[in-house]
Amino acid sequence: MKNIVLLGSTGSIGTNTLDIVAKFPEQFRVVGLTAGTNDEKLEEQLRVFKPTAVALSDEAAAAKLRARCKGASVQILSGVEGVAQVARLPEADLVISAIVGGAGLVPTLAAIRARKNVALANKEPMVMAGKLMQEEARRHGVRIFPVDSEHSAIFQSMEGHRREDIRRLILTASGGPLWELTREQMQHVKPEQALRHPNWKMGAKITIDSATLMNKGLEVVEARWLFDIPPSQIEVLIHRESIVHSLVEYRDGSVIAQLGLPDMRTPISYAMNYPARMPLEPPPLDLAGIGKLTFFRPDHDRFPCLGFGYEALLTGGTMPATLNAANEIAVAAYLNHGIGFLRIGEVIQATMEAHSPRDVTSLEDALEADRWARTKAETLVRQCLS
Ligand SMILES: NC(=O)c1ccc[n+]([C@@H]2O[C@H](COP(=O)([O-])OP(=O)(O)OC[C@H]3O[C@@H](n4cnc5c(N)ncnc54)[C@H](OP(=O)(O)O)[C@@H]3O)[C@@H](O)[C@H]2O)c1
């Protein structure tokens, strides 16, 4: 029996994870759950899974939950520190990190420092402070298992092989819902259209990141730190069918890939139960039915955000944290305040250009860059709206 803490339990990865737990109750026990503001969904989950502690980062939402759960045996915490406290629960064996955005950095690092193995879906902390997170994981003797489907594919394709034999990591990208559009057409794309992902059902932020290809830019940075591979050895291929989840090329010419239907429960369960594979029994992969698998080079002119990921990585220091924060602000402004779709990339680029990077040697360095970039990007967003 493995005791798990699930950060971001009310989201898309969170609910997929709880589906797995519900299917295999003899293998997993939920000891902690956390969310941002959704107290009602968290309440439903705590009544089913009976954790010892839960947390909401939003104080007002936590107060409502406490009022409704008076007398219940569960501890209800709140704020960033409350979420981090759940991440450190002494009885937890594995922390599944599935918060969206940079808000996951503090609790994920708290879990690592409390000597918990981490199953990492929340890629943004790796972008903000990947080197630091890996150093802390090494120092505390814990492992970080990838959940992102591309990184899980690479992780699986590296099993039993030597790192020094790797020539390239090839991350695949679906191209998202706007792959066929010109820049002129993208200018007028409304959130409803950008949120219609062809292959994956995910939270809103990552779906917009897929539409701009910023998601792949973030994943290049994530891969660099998860696998300790330099950016010159990380490539991206557009693969519309989302069947080949990523590939590793070795120096003898062998290319090893992981394939499967697009279902996040496969990589989540692999990270939860590594190295054993769980009998999820999805429909068989019918390659003859699919017929053909297609691959294209990414188009950097129409999708400049992918290049920003490489640029931030090559600059290093606080630049990736800056990129990430600017993207979060720009995506939220696109979804909630109606800035144009193409403005997302413009805000990111202008924020990066205005930034003077420093080294990230502590959590505070990453958080400081994050705060700076949010303020800068918010100013740029206001200019777009005026
Ligand atoms: N969805 C996928 O298939 C997928 C695939 C690969 C990687 N990922 C990565 O996994 C992460 C989660 O993605 P998702 O699609 O599951 O997102 P999501 O559906 O938007 O869920 C996000 C979760 O984070 C919580 N949250 C939001 N802001 C928070 C804050 N400030 N403090 C604490 N908790 C907060 C949310 O709580 P509330 O519900 O209360 O807001 C929710 O539980 C992202 O980093 C994403 O890039 C996702």
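The values are calculated or read from the model by the stated rules, or taken from the named source; none is laboratory data. All of these numbers come straight from a predicted model, not from anything done at the bench. Neighbour counts are summed over all protein chains in view; Cβ atoms, including those assigned to glycine, are modelled from backbone coordinates with ideal geometry. Please note that ligands, DNA and RNA were not included when accessible areas were found on the heavy atoms of the full protein model with its side chains. Shrake-Rupley method; radii C 1.70, N 1.55, O 1.52, S 1.80 Å.
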Convert 25 °C to kelvin, take the viscosity as 0.890 mPa s, use the Kirkwood radius over C-alpha pairs of the chain as Rh, and evaluate the Stokes-Einstein diffusion coefficient in µm²/s, rounded to a whole number. 116
Hey, what do the phi angles of region 96-111 turn into as Karplus ³J(HN,Hα) couplings, whole Hz, using 6.51/-1.76/1.60 and θ = phi - 60°, x for Gly and Pro? 9, 9, 9, 6, 9, x, x, 4, x, 5, 4, x, 5, 5, 4, 5
Rg followed by Dmax, in Å, when region 184-270 is reduced to its Cα trace: 15.0, 47
Quotient of Cα Rg and 2.2 N^0.38 Å for region 245-386, N being how many residues it contains: 1.39
Using Cα pairs under 8 angstrom and six or more residues apart, how large is the relative contact order of the chain, in percent? 14
Among L94, L367, L314: highest mean-square fluctuation, GNM of the chain, C-alpha pairs under 10 Å: L314
Testing the spin-label approximation: label points 7 Å from Cα along Cα→Cβ at K190 and A60. State their distance in nm. 2.8
Which cross-chain or sequence-distant (5 or more) residues have an amide H under 5 Å from the amide H of Q258, H modelled 1.01 Å from N in plane? H245, S246
List the residues, sorted by chain then number, that are 5 or more residues from Q75 or on another chain and whose placed amide H is less than 5 Å from its amide H. A53, V54
What does the extension gain come out to for E364 and N199, with contour length at 0.36 nm per residue minus their alpha carbon separation? 55.7 nm
Accessible-area value, R88, 1.4 Å probe, nucleic acids and ligands omitted, Å²: 90
Any idea what the relative contact order of region 12-89 is, in percent, if you count C-alpha pairs under 8 Å spaced at least 6 apart? 28
Y250 accessible area, assembled protein chains, probe 1.4 Å, Å²: 10
Taking Cα pairs under 8 Å and at least six residues apart, what relative contact order does region 2-146 come out at, in percent? 22
What residues have an amide H closer than 5 Å to that of R29, excluding those fewer than 5 places away on the same chain, when H is modeled at 1.01 Å from N in the peptide plane? K2, N3, I4
Residue by residue through region 325-341, what is 3J(HN,Hα) from phi via Karplus (6.51 cos²θ - 1.76 cosθ + 1.60, θ = phi - 60°)? Round to whole Hz and write x for glycine and proline. 5, 4, 5, 4, 5, 5, 5, 4, 5, 5, 6, 10, 10, x, 5, x, 4
With +1 on each Lys and Arg Cβ and -1 on each Asp and Glu Cβ, and nothing else charged, work out how big the dipole of region 233-386 is about its Cα centre, in Debye to the nearest 20. 280
Of the trypsin sites (Lys or Arg not before Pro) in region 54-87, which ones lie in a loop per DSSP and count no more than 16 other C-beta atoms within 10 Å? K70
Select from F296, A325, I256 the residue farthest towards the positive end of the dipole of region 222-380; place +1 on Cβ of Lys and Arg, -1 on Cβ of Asp and Glu, and compute about the Cα centre. F296
From the square roots a ≥ b ≥ c of the eigenvalues of the alpha-carbon gyration tensor of region 225-290, which class results: rounded (a/c under 1.5), prolate (a/b over b/c), or oblate? oblate
List, largest first, the extents of the alpha carbons of region 2-146 along their principal axes, each in whole Å. 42, 34, 26
Largest first, please: the extent of the C-alpha atoms of region 176-329 along each principal axis, to the nearest Å. 41, 35, 31
Write out the GluC sites (Glu not before Pro) in region 1-69 meeting two conditions: DSSP loop, and at most 16 other Cβ atoms within 10 Å of their Cβ. E26
Give me the percent of the accessible area of the chain that comes from carbon and sulfur atoms, probe 1.4 Å, all protein chains in place. 51
Filter the cross-link list K64/K201; K2/K131; K23/K292; K216/K292; K70/K123; K201/K292 down to pairs whose alpha-carbon distance in this structure exceeds 26 Å. K64/K201; K2/K131; K23/K292; K70/K123
Could you give the alpha-carbon Rg of region 261-313 over 2.2 N^0.38 Å, rounded to two decimals? 1.72
Quick check: pseudo-label points 7 Å beyond the Cα along Cα→Cβ at K2 and L293, how many nm apart are they? 2.6
Can you give the FRET efficiency to the nearest 0.05 for E91 and L280, using r as the Cβ-Cβ distance and R₀ = 30 Å? 0.70
Distance in nm between R162 and T379 label points, each 7 Å along Cα→Cβ, equals 5.2
What are the trypsin sites (Lys or Arg not before Pro) within region 167-230 that DSSP puts in a loop, where the Cβ has at most 13 other Cβ atoms within 10 Å? R196, K201
